[in-house]
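The values are calculated or read from the model by the stated rules, or taken from the named source; none is laboratory data. Please read these numbers as outputs of a predicted model, since none were measured by experiment. Using ideal geometry, Cβ is built from the backbone for each residue, glycine included, and neighbour counts are taken over all protein chains shown.
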Amino acid sequence: MQTGMLLLLIVQGLAFAVWAFFFFRALFQIRGIAARETGRFNPGPVSFLAAARIWMRDPASRITRMGWLVAFGVMVLASILVATQAPPVL
């Protein structure tokens, strides 16, 4: 395996780990908003969607949204580079 390809795969794996971190952080933040809004420990899916709308507009969750977006962009870019730089399979 070429060194450049190995580095791209490592970057892709790290970007996925960062994306997963921000994904679960967002998920727990949205669940917290839904629980606070409804007063129930386990709010339903409709409450979750309403809380997601609140979360998308909340300035306090901006870092999570931007981190999630940047990690997603790096993952997509790394995937495209891996796909275009990979040697052809015969």
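Taking segment 26-63 as the range and being among the basic types (Lys, Arg), surrounded by fewer than 16 Cβ atoms within 10 Å (Cβ to Cβ) and over 18 Å from residue 73 (Cα atoms) as the test, the residues that pass are 36, 40, 53, 57. Looking at 40, 31, 25, just one residue is more than 30 Å from residue 83 (Cα to Cα), at pLDDT 90 or above and not hydrophobic (A, V, I, L, M, F, W, C), and that residue is 31.
Suppose the filter is closer than 22 Å to residue 6 by Cβ, part of a loop (DSSP other than H, G, I, E, B), of a type in the set (A, V, I, L, M) and at pLDDT below 95; does residue 90 pass it? Step through it out loud before you land on a result.
Numbers: closer than 22 Å to residue 6 by Cβ: yes; part of a loop (DSSP other than H, G, I, E, B): yes; of a type in the set (A, V, I, L, M): yes; at pLDDT below 95: yes.
Yes.
Among the candidates 75, 66, the residue that is assigned to a helix (DSSP H, G or I) and surrounded by fewer than 12 Cβ atoms within 10 Å (Cβ to Cβ) is uniquely 66.
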